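*Asks:* Sending over a structure as structure tokens; questions will come in a sec.
No lab work stands behind these numbers, since they all come straight from the coordinates. Treat the numbers as computed from the prediction; the structure is a model and nothing was measured. When we count neighbours, we look across all protein chains shown, and the Cβ atoms used for this are built from the backbone with ideal geometry, even at glycine.
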Amino acid sequence: MRRPITFPTNLRSRLAGAVGVLVLGATMLAGPLAVDVAEHDLRAVLGAQQYASLSGAAAFLDDLLEARLRQMAALAAAMPLEARHDPRRLQAWLAIRTADVGDEFVNIAAFARNGELVASGTSMPTAQPLTATGRPYFEETLLRGRGIVSDPFQSRLSGANMVLVTAPVFDDHGEIVYVLTGRIDLQHARFLRQVDALRPGSTGYLFLMSADGTLIDSPARERQTAPPADQPGLARALHGFEGWLIGGDRAGPAIVTYKRLATTGWILGARYPEEEAFAPLARVRRTVLVVAGILALVAGLLAWWLVRRGLRPLAELRRNVAAVRHEGVDSAVLALARNDEVGELGRAFHDLVQARGRAAARMRAIADNVPAVIAYVDRDERFEFTNAGFDRMIGSAPDVFIGRTVREALGEAGYARLEPLIRAALRGEHGHVEDVRSDDARRHQMIDTIPDIDADGRVVGFFVMAMDISERKEAELAQAASEQRLRLIADNLPVLICYIDRNHRLGFGNATFQAWLGLEPVCLPGMHLQDVLGKPAYDAARPRLKQAFEGVGATFEMPLQAQGRHRILEWTFVPDVQAQGRVNVAVAGVYALAHDMTRVKEAESRLVQMARFDSLTGIANRRLFGELLGQALERVRRQRQVMGLAYLDIDHFKAINDTWGHGVGDEVLKEFAQRLAACVRVTDTPARLAGDEFVVLLEDVKGVDEAERIGAKIVDAIRKPIATGAGPLDVTASVGIALVHGMDGPLPTQDQVLGWADTALYAAKHGGRNRCVVRVAEEAAGVSMK
Ligand SMILES: Nc1nc2c(ncn2[C@@H]2O[C@H](COP(=O)(O)OP(=O)(O)OP(=O)(O)O)[C@@H](O)[C@H]2O)c(=O)[nH]1
């Protein structure tokens, strides 16, 4: 099995590797790039060079063809006169000339103006007469009147490819009589042989084409890898392009150059394969790559050595940090005096270790001085930290159990008590348990375990905290007992006691709620006050409750109908004020107490009745009458009304007593009071002053007449016989009425008004009894009566 590739993890190797890779990359990139640039420039230079070379070759060929033309022209000019007229002589002359120019021309022939072959330097292998009529070279020579070089064509006789150089032969009159043609056999001429030295490189070659692209010559046909028609850029060259270009075909890329010959318009081309042209550069490229590799290797090694040397202080720092961490070496070794980044790092480490040491010392001091057991336990349930409280609990020297397991430290019994909490903490849950008894069962403990969860969510350990809560437990028990006692008292008091929260719901209520309202105390917490008291009572209590929640206590009476009983309750609301220091900040609730005041109220009502009403007749007595008279006089003055006070006395009552006894007298007095009350308005108040003396307070009397009608009515009512134990008795009464008008100034006193009425009664008695006398008080100051 192949081992996976591993990269070095230490910084030195990484840096060295990085430098090597960078150098390798840079040289790999820069070398070929430079070669590419050089290649680009070289291509331009080579192209220009090839074109210059080709231009030289073209000039040479131009000169060569010009020479052939001149040679033919000279031959034409040298034609003897006799030869012009005698074909046999012409033939002989031409034979001689053809032999002379055998190196340049294969044959020289003469055509008559009509195109007919007249003579030929070499014998013609044909029986038919030859004619040049219609041949472009012939017609063009006649037309131009000077020699030309023909395009290559295939000989009709020999089938060989040839080119003809022509020259006109003029007669004395300047008329063309013959056209001489010098034949150059392309098979043997090899124009380019003479300029073959100018071919590019050893694999390059030249080629010559006519203006229409027909190959004329290629002296190195054996090297020619592409036919001329396929040469890159040929189409452009046929349209007049001259110069060099880069092109490629089946034979590969090449620098191809074109140049036209001035004499014939032929195209001279050169092809220089790039493979050869840039062979030196390819060698350079390979060399660059090899050198780059070597350079990278050397640079990497050098970098590794430099990095190793440069990072030596860092390695030293690393060793020191490890020594401080694992061997407890003093952190002073980290405080390097170097004035560089490594020195800074070392000093920072040193400061950090110092700060951590101080923080740890502080934490240790705190942990050792809290009245609790604090410990840190790792995943394997081994103690990593224990405070002084732990040592006291175990009774061991400090840090003895560091690295030991919980089971070893606490024993099986202690571990069993903690095990559920340990399991919870290792699951990542907070554990809490109270009321854990010490081994002697005399002390109570509260134990918490808090999981220590790392950034990845794994539980790496947990904290254990244990506190002795024996005192708290005792206090709680004492408080519970106290509350029970209070509850007992509250439940047995004949008072409703409850706590009302801000939402007007009960916090608790005592057992009296059961007795008075039929509500069990256990149901009361959470009940709304309206549901407890009923809506009318709740509505009546709400303003006082609001006042109590504003911090002002309230006491008020309120009737309550419940359980078929009507009660009058006296409620007391006591605000439950929450204070901060000496400042009361809020009323959290209201304590409410309700006493049953029903009996008290009834007794009070009876006392009031007794104090203000006559016990014999049941009508108002002198005390109540006094109060009412005072109020009536106030109203008279305020409302400017007329008030009457009737003073009544039973006629000869003493005689009734004396004759029939006090019992019958009492019966008469009671009936008298009944009749008196019956014959006055409900707003008028009868009262008994004493003995047989009665008064009636008459409100809003319209005048003397009305007063007299009321008096007469009373007298008539009394006059009817009164049924008594002694039988019906005829009883009469005398009435004196004083009328008092509303007026400014001081009010008449009650005694004054009574005096005026008494005076009127006196008048009635004096007038014969059994009647009424009305008197009007003239003015307050003077107290005079009519
Ligand atoms: N039965 C009875 N008699 C009372 C009571 N209080 C007072 N008397 C009597 O009422 C009588 C009042 O008599 P007077 O008003 O002085 O005299 P009179 O007999 O009524 O004579 P005139 O008033 O002049 O007509 C006295 O004999 C009292 O003893 C009472 O509560 N019951």
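*Asks:* Considering amide H positions built from the backbone, and no H for Pro or chain starts, which residues 5 or more places from I216, or on another chain, come under 5 Å of its amide H?
*Replies:* When sequence neighbours closer than 5 places are left aside, the close amide H contacts are L208, M209, S210.
*Asks:* Given bins 5 angstrom wide, list per bin the percent of all Cα-Cα distances in the stretch 663-739, short to long.
*Replies:* Pairs per bin, as whole percents: 3, 15, 27, 26, 16, 8, 4, 1, 0.
*Asks:* Which cross-chain or sequence-distant (5 or more) residues have an amide H under 5 Å from the amide H of A562, H modelled 1.01 Å from N in plane?
*Replies:* R567
*Asks:* Which peptide among 717-728, 690-701 comes first, and what is the full order, when sorted by highest mean count of other Cβ atoms within 10 Å?
*Replies:* Values: 717-728: 14.3, 690-701: 19.8.
Peptide ranking by packing, descending: 690-701, 717-728.
*Asks:* Given N residues in the stretch 545-596, what is Rg(Cα) / (2.2 N^0.38 Å)?
*Replies:* Working: Rg = 13.9 Å, N = 52, 2.2 N^0.38 = 9.9 Å.
Rg over 2.2 N^0.38 Å, computed on Cα atoms: 1.41.
*Asks:* Tell me the trypsin sites (Lys or Arg not before Pro) within the stretch 362-467 that lie in a loop according to DSSP and have at most 15 other beta-carbon atoms within 10 Å. Please list the in-between numbers first.
*Replies:* Numbers: sites: R362, R364, R379, R382, R392, R404, R407, R417, R423, R427, R437, R442, R443, R458; in loops: R379, R404, R427, R442, R443, R458.
Passing sites in the stretch 362-467 are R379, R404, R427, R442, R443, R458.
*Asks:* Turning to a different aspect of this structure: Only Cα pairs under 8 Å and at least 6 apart count here; give the relative contact order of the stretch 339-404 as a rounded whole percent.
*Replies:* On the way: 57 pairs, mean separation 14.5, N = 66.
It comes to 22 percent, rounded to a whole number.
*Asks:* Now a separate question. So if each residue of separation counts as 0.36 nm, and I subtract the Cα-Cα distance between R417 and V433, what length gain in nm does that give?
*Replies:* Going from the current span to full extension adds 4.8 nm.
*Asks:* Only four residue types carry charge here, +1 at the Cβ of Lys and Arg and -1 at the Cβ of Asp and Glu. Report the dipole size of the stretch 213-356 about the Cα centre in Debye, rounded to the nearest 20.
*Replies:* 200
*Asks:* Also, I was wondering about something else. Hey, rough spin-label estimate for R635 and R719, points 7 angstrom out along Cα→Cβ, what's it come to in nanometres?
*Replies:* So the label points at R635 and R719 sit 3.0 nm apart.
*Asks:* By average Cβ neighbour count within 10 Å, what is the ranking of 496-503, 354-361 from highest down? Let's see the in-between values first.
*Replies:* Numbers: 496-503: 18.4, 354-361: 10.9.
Ranking the peptides 496-503, 354-361 by packing returns 496-503, 354-361.
*Asks:* Express the relative contact order of the chain as a whole percentage, based on alpha carbon pairs under 8 Å and six or more residues apart in sequence. Spell out each step's value before the answer.
*Replies:* On the way: 1304 pairs, mean separation 50.3, N = 786.
6 percent.
*Asks:* Return, ordered by residue number, the residues of the stretch 254-286 whose backbone nitrogen is under 20 Å from a label point located 7 Å along Cα→Cβ of L29.
*Replies:* 285-286
*Asks:* Now, a different point. With charges only on Cβ, +1 for K and R and -1 for D and E, what is the dipole size of the chain about its Cα centre, in debye, rounded to 20? Working shown, then result.
*Replies:* Working: 92 positive and 96 negative charges, 209 e Å.
I would put it at about 1000 debye.
*Asks:* Hydropathy at least -1.0 by Kyte-Doolittle, axial extent at least 27 angstrom from the Cα trace: which helices of the chain, defined as entire DSSP H runs, fit? Walk me through the numbers on the way to the answer.
*Replies:* Working: long enough: 11-77 (96 Å, 0.75); 279-310 (45 Å, 1.23); 341-369 (41 Å, -0.35); 470-492 (33 Å, -0.96); 653-678 (28 Å, -0.23).
Span-like helices, by this rule, are 11-77, 279-310, 341-369, 470-492, 653-678.
*Asks:* Placing +1 at every Lys and Arg Cβ and -1 at every Asp and Glu Cβ, with all other atoms neutral, what dipole size does the stretch 707-751 have around its Cα centre, in debye to the nearest 20? Could the numbers behind the result be given before it?
*Replies:* Values: 4 positive and 5 negative charges, 55 e Å.
In total the dipole reaches around 260 debye.
*Asks:* Report ³J(HN,Hα) in whole Hz for each residue of the stretch 523-530, in order, from the Karplus equation J = 6.51 cos²θ - 1.76 cosθ + 1.60 where θ = phi - 60°; Gly and Pro get x.
*Replies:* For the stretch 523-530, the Karplus-derived couplings read 7, 5, x, x, 6, 7, 4, 5 Hz, x marking Gly and Pro.
*Asks:* If you take the charge dipole of the chain about its Cα centre, with +1 on Lys and Arg Cβ and -1 on Asp and Glu Cβ, which of G725, L94, V600 is farthest toward its positive end?
*Replies:* Going by the charge dipole, the pick is L94.
*Asks:* Set the Förster distance to 41 Å, then compute FRET efficiency between A480 and S605 from the Cβ-Cβ distance, nearest 0.05. Before the final figure, lay out each step's value.
*Replies:* Numbers: r = 45 Å, r/R0 = 1.10.
Taking R0 as 41 Å, the efficiency between A480 and S605 is 0.35.
*Asks:* Now for a separate question. For F383, what charge total do you get from the other residues with a beta carbon under 13 Å from its beta carbon, if Lys and Arg give +1 and Asp and Glu give -1? Before the final figure, lay out the partial values.
*Replies:* Values: positive: R379, R382, R404, R407; negative: D378, D380, E381, E384, D391, D399, E408.
Its environment carries a net charge of -3.
*Asks:* Shifting gears a bit: Check V169: other-chain or 5+ apart residues with amide H under 5 Å from its amide H, H built from backbone geometry?
*Replies:* So V169 has HN proximity to V177, Y178, V179, L180.
*Asks:* State whether the stretch 245-393 is rounded, prolate or oblate according to the following rule on the C-alpha gyration tensor (a ≥ b ≥ c being the square roots of its eigenvalues): a/c under 1.5 gives rounded; otherwise a/b larger than b/c gives prolate, and the remaining case gives oblate. It would help to have the intermediate numbers written out before the result.
*Replies:* Working: a/c = 5.87, a/b = 4.04, b/c = 1.45.
Taking the square roots of the gyration eigenvalues as a ≥ b ≥ c, the stretch 245-393 is prolate.
*Asks:* Same structure again: Between rounded, prolate and oblate, where does the stretch 38-179 land on the alpha carbon gyration tensor, with a ≥ b ≥ c its root eigenvalues, rounded for a/c under 1.5, else prolate if a/b exceeds b/c? Let's see the in-between values first.
*Replies:* Working: a/c = 2.56, a/b = 2.22, b/c = 1.15.
Here the stretch 38-179 falls in the prolate category.
*Asks:* Residue separation times 0.36 nm, minus the C-alpha to C-alpha distance between V577 and R283: what's the value? Don't skip to the end; give the middle numbers.
*Replies:* On the way: separation 294, 0.36 × 294 = 105.84 nm, distance 10.29 nm.
So the extension gain works out to 95.6 nm.
*Asks:* Here's a follow-up. Find how much the distance from V522 to A455 grows on full extension, using 0.36 nm per residue of separation minus their present alpha carbon separation; answer in nm with one decimal.
*Replies:* So the extension gain works out to 19.2 nm.
*Asks:* Tell me the trypsin sites (Lys or Arg not before Pro) within the stretch 242-341 that lie in a loop according to DSSP and have at most 11 other beta-carbon atoms within 10 Å. Show your work: numbers first, answer last.
*Replies:* Working: sites: R250, K259, R260, R271, R283, R285, R286, R308, R309, R318, R319, R325, R338; in loops: R250, R338.
Qualifying residues, ordered by number: R250.
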